[in-house]
């Protein structure tokens, strides 16, 4: 057998063995931390003593935003919901075309049958709409909380627009008016304050239309701003029929707000020498779990360990 072939094969096996051993040589960090006193008062300096030499050490005090329990992110319960937007009406004279609705029981299928069956509640009487041509009017802020019957289901906002036949032979309905919607905000209130669940653009509006004649481009959503424009048919044939159009938002989760992960305070990197003492000041009373997260990093991987210490902070 070829000696060079055997030698080459042996070298490959040795290299693989060395790589395997190198991976196995990544050690779990050796580290310990203690606290001078597990009970302190607000504003006191809590002193932690550290031993060992991991490559990396990060500190979590257990306070909001710096809590190891939420390194995967945290959720906040929503306490209330409110809606505000602006409308503008232009041209024509047909009354009662535009209305505002919300649903907590819509199946999310954007067809006219599902929309009509979706229990969209009419809240038009709770808002202020534009009444003067070309004048943008604020709706005011509407509390939607009483309309939410099941927080496990999402909420949808819908703008409904009906145009009755516009010809004299069809009756005294008048001609269609143009309705625009902008600056929408659906806000949620949590323990950390009010946040915007959707705005005009992120509402991702879907148009749902119904009628024997539907002229293209009469109902639109601007891709850059989210501006919703609703208009009736304009041709002679189109004016003979009644049409219905909806602009419906995407689903809004009412159960929780998901925040990003809590952040740590870096204490030591691989190029630094361990400082044996670390101190922290707590600003609010309570029971906290201070955590030192440690790790050893190599090209082939890492190993981690944590040290937890219970801290009680008194007023």
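The values are calculated or read from the model by the stated rules, or taken from the named source; none is laboratory data. The shown structure was predicted, so the numbers you read here are calculated from the model rather than taken from an experiment. Here the Cβ is made from the backbone with ideal geometry for all residues, glycine too, and neighbour counts use every protein chain on show.
A few notes on this one:
- In region 176-279, counting only strands (runs of 3 or more DSSP E) that sit wholly within it, the ones holding 3 or more residues that are assigned by TED's automatic domain parsing to the domain that holds residue 144, in contact with a strand residue (DSSP E or B) (Cβ under 6 Å, 6 or more places away or on another chain) and under 17 Å from residue 160 (Cα atoms) span 178-190, 206-210, 228-230, 243-248.
- The listed residues are 199, 180, 191, and the only one of them that is modelled with pLDDT of 95 or more and within 23 Å of the chain's Cα centre (by Cα) turns out to be 199.
- Candidate set from region 49-99 (those that are touching a helix residue (DSSP H, G or I) at 6+ places or on another chain (Cβ under 6 Å) and modelled with pLDDT under 95); member that is nearest to residue 277 (Cα to Cα): 80
- Residues satisfying the stated conditions in region 79-122, i.e. farther than 19 Å from residue 176 by Cβ and assigned to a strand (DSSP E or B): 80, 81, 82, 83, 84, 85, 86, 101, 102, 103, 121, 122
- Scanning region 123-140 for residues that are at pLDDT 95 or above and either under 21 Å from the mean Cα position of the chain (by Cα) or outside any loop (DSSP other than H, G, I, E, B) (or both) yields 124, 125, 126, 137, 138.
- Odd one out for residue 150 among (1) in contact with a strand residue (DSSP E or B) (Cβ under 9 Å, 6 or more places away or on another chain); (2) under 30 Å from residue 191 (Cα atoms); (3) surrounded by fewer than 17 Cβ atoms within 10 Å (Cβ to Cβ): (1)
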